[in-house]
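See below for the structure under consideration.
Read-outs throughout are calculated quantities, based only on the coordinates presented, and are distinct from any laboratory measurement. The shown structure was predicted, so the numbers you read here are calculated from the model rather than taken from an experiment. Methodologically, a virtual Cβ is constructed for each residue, glycine included, from the backbone with ideal geometry; neighbour enumeration extends over all protein chains shown.
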Amino acid sequence: MPDLAILVVAILLGSVPWSNIAARRTRGVDLRAVGNGTVSVTALYRVAGFPALSVAGILDVAKGAVGRVLAGGRPWAPPRPPTGWVAAMTRSAVPDARLRAVALHAGAPDVAEELHDRLTGLGADGVLVGGFGPVMVVHTGPGLAGIAWWWEPA
């Protein structure tokens with residue numbers, strides 16, 4: 001599929017308000033007209049309950065995966081370390097400063113440990129490894145890994 005067509009389909013799918021559709025189908029309520037007026041999962045849960053929330057959540061996740069599939073990818077990428085970020089970090093080196101870093105992951109502790117080892121090998125002092133919260137995992141899918149770093153004056 002041509003890139004422009006993929007972009008148009010992704011934008012159209014992304015604009016579908018599944019929470020509002022679920023509220024209208026289950027309770028006949030427009031979420032924009034109740035509560036604080038937002039079309040959100042919180043508003044949907046308050047108006048229509050967990051079953052409608054579950055359906056809308058699955059459809060929201062699916063619409064995010066469709067763009068990747070249309071572009072020839074898989075819905076979830078295999079875990080791999082963000083090597084470009086490691087290179088950017090080394091280019092940002094500050095003379096006479098200590099490198100501090102955090103390696104975070106979404107269901108990919110092996111990748112985060114690999115990042116930890118790379119960062120330690122680059123001279124990072126006190127590298128922390130941790131997992132993203134469940135909300136981040138739901139939005140990104142398993143396998144995401146990333147690093148945050150800063151240079152601390154010696």
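Numbers for the structure displayed
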| quantity | calculated |
| --- | --- |
| Label of the coordinate-derived value, Rg/Rh (Cα atoms, Kirkwood Rh), listed as (1) 0.94; (2) 1.09; (3) 1.12 | (3) |
| Centre separation in Å (Cα based) which lies between the range 86-101 and the range 26-71 | 42 Å |
| Sequence-separation-based contact order of the chain, relative, with Cα cut under 8 Å and 6+ spacing, percent | 22 percent |
| Helix-only mean residue ellipticity at 222 nm for the chain, each DSSP H run of n ≥ 4 adding -39500 (n - 2.57), per residue, nearest 500 | -16000 deg cm²/dmol |
| Given charges at Cβ of Lys, Arg, Asp, Glu: the range 3-70 dipole, positive-most of 37, 5, 26 | 26 |
| Karplus 3J(HN,Hα) series, Hz, for the range 39-53 with 6.51 cos²θ - 1.76 cosθ + 1.60 (x for Gly, Pro) | 9, 9, 5, 5, 4, 4, 4, 5, 7, 10, x, 5, x, 5, 4 |
